Amino acid sequence: MSTPATLAIDPIPSWRRPVSVTVAPDLPPLAEAGATAVPVAEGADAPAALGFDRAALAAAGFEGKRGQTLVVPSAEGRALVAVGIGAGQTVDASLVRDLAASFALAVPHQRHLAVSLPSTETALSPGDFAEAVTEGVLLARWRFHVGKGGDEPLLESLVVVAPDAVADEVREGVRRGQVLARASNLGRDLANCPAAILTATRIAHVAEEIGPGVGLEVEVFDKAQLVEMGCGGLLGVNLGSVEEPRMIRLRYVPAEPKGHLALVGKGIMYDSGGISLKPSDESHAQMKNDMTGAATVLASMTALEALGCTTEVTGYLMCTDNMPSGSALKLGDVLTMRNGLTVEVLNTDAEGRLVMADALALAAEQGVDAIVDIATLTGACLRTFGVDLAGVMGNSQELVDQVTHAGTTVDEPVWQLPLHRPYRKQLDSAVADLTNMGGPNAGSITAALFLEEFVDGRPWAHIDIAGTAQLPAASTWHNKGATGFGSRLLVELALRFTPPPAVEGSSAGGNA
């Protein structure tokens, strides 16, 4: 239970302290100087700005390979950072984002950074280049620390140097990059926050605090309301907890919506496994991040208004912890879900699907054009894809394709698994409509098949981020710990969303 000591800790520090990013025609004055990036191609002559020739750089071990960095002090007092861009590289957003991150990480003690746009034309427009630079730097220098502070200072400012002729375009790119990075970093804040601080009630307060300022309508449903609504999955998982559950519904409604998308996020604020207790190992220690799905839904929706999204989006955050106690959900118990289906519980550590099922049913009732859920759902997905790829499945190939394309665009990649319906029989129960657990194999697929039971035939896709939600070590703009993976993917999906056709054989239709 939250205490005065934990309540004093802010769960969203990066949101409250945005980094200043400006556009200028020249490098900042020395009084404000920190470090400046100088790109160097592999095998090419060193730029004159470095003050060293190619041989001198090579003697220092710098060859210009992609992502390689070398910090060079300058006579004027400004640190210069040679950043290798490799040889024959296609200059796309992914490359620029990675290189900007490498630069930012090379000088972790510098509070002020500057990046100059290239003087020659690239495949990226100046605005897109500036957007990628901004994202890379701000994502790479994000940090969540509970205490007096770490060794590395927080980044305070970034200057993007660009000629006046393209300054307006660059400013717009910087603005987009700031919005996307701030959203992603909010998701990271939430997912890395200790569970004693960020309870279901606390994340509801966060949503109520920041939602109205970014164009979101926020509704919070307490335990009594959830009982009245028949949300048996969320209530069942919450039985063992001293913390009350919360369902948070977010709505973004543009002036002239061009489709209605529902997002559902798993919000298990801490997952002990319940009566099916997890082993006390490293993975158990990471279970504060089992609410990453809910965090990414909230985080992504903070960006929609600022980016001019024309899709109506409704988000559902299904929040509770999963704890053992004398009142906890027991193996063999049967829950009645929002849509009336009954579920026999064979494993209380397969709880995420239970809380999301109620939200999927609610979303289907609203007549949305499509539903996308996101969750740290199965260890099977982690074992299949590792930490670089999320899994995606669904009943609508067109919607799955939109999710996949969005992930590729923003460098949050997903890979499709088959929704193999013959495996549905693994969920058969002798005493209820279905069980919450399949057999020992194909766990990611059977979990998705369980979720499909609650979408009422509407176009639906399921994103399993069990692997990508947590990284053991930092790499470019990917942080160590809970990554907030999926926030930027969901933003891109909403921005480009096209209502898919009705699922074949389904009577469900979209909004009239």
ask   = Among Lys278/Lys425; Lys258/Lys288; Lys266/Lys330; Lys223/Lys425; Lys266/Lys425, which pairs are too far apart, with a Cα-Cα distance over 28 Å?
value = Lys258/Lys288; Lys223/Lys425
query = So in the chain, what percent of DSSP beta bridges are antiparallel if you round to the nearest 5?
reply = 40
request  = Counting other Cβ atoms within 10 Å, keep those with at most 12, restrict to DSSP loop, and tell me which GluC sites (Glu not before Pro) in segment 51-153 are left.
outcome  = Glu76, Glu121
task = State the extension gain, in nm to one decimal, for the chain segment bounded by Val431 and Leu346, taking 0.36 nm per residue of separation less the distance between their alpha-carbons.
result = 29.4 nm
task = Determine, for His420, His462, His109, the number of other Cβ atoms within 10 Å of each Cβ, and report the residues in order from fewest to most.
result = His109, His420, His462
key: Partner aspartates and glutamates for Lys65 [C-alpha distance under 18 Å; skip if fewer than 8 residues away on the same chain]   = Glu42, Asp45, Asp53, Asp92, Asp98
ask   = DSSP loop trypsin sites (Lys or Arg not before Pro) in segment 445-507 with at most 15 other Cβ atoms within 10 Å of their Cβ, which ones?
value = Lys480
ask   = Can you work out the FRET efficiency for the pair His284 and His145, with r the C-beta to C-beta distance and R0 = 25 Å, to the nearest 0.05?
value = 0.65
query = For segment 4-184, what class follows from the C-alpha gyration tensor (a ≥ b ≥ c being the square roots of its eigenvalues): rounded when a/c is under 1.5, otherwise prolate if a/b is larger than b/c, else oblate?
reply = prolate
request  = Please arrange Ile210, Ile248 by counting, for each residue, the other beta carbons lying within 10 Å of its beta carbon, fewest first.
outcome  = Ile210, Ile248
query = What order do you get for Leu57, Leu451 when you list them from fewest to most C-beta neighbours inside 10 Å?
reply = Leu57, Leu451
task = Round to the nearest 0.05 the FRET efficiency obtained for Thr122 and Gln416 when R0 = 25 Å and r is the Cβ-Cβ distance.
result = 0.20
ask   = Cα centroids of segment 405-467 and segment 278-340: how far apart, whole angstrom?
value = 16
task = Please label the shape of segment 399-512 as rounded, prolate or oblate, based on the square roots a ≥ b ≥ c of the eigenvalues of the alpha-carbon gyration tensor (a/c under 1.5 means rounded; beyond that, a/b larger than b/c means prolate, else oblate).
result = oblate
ask   = Using the beta-carbon distance between Asp164 and Lys480 and R0 = 51 Å, what value does 1/(1 + (r/R0)^6) give for FRET efficiency, to the nearest 0.05?
value = 0.80
request  = Could you please report the charge total around Ala24, scoring K, R as +1 and D, E as -1 over all other residues with beta-carbon less than 14 angstrom from its beta-carbon?
outcome  = -3
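Taken together, the values in this text are just the output of simple stated rules run on the coordinates, not laboratory data. As the structure is a prediction and not an experimental result, all values here were calculated from the model. All Cβ positions, glycine included, derive from the backbone under ideal geometry; neighbour counts span all protein chains shown.
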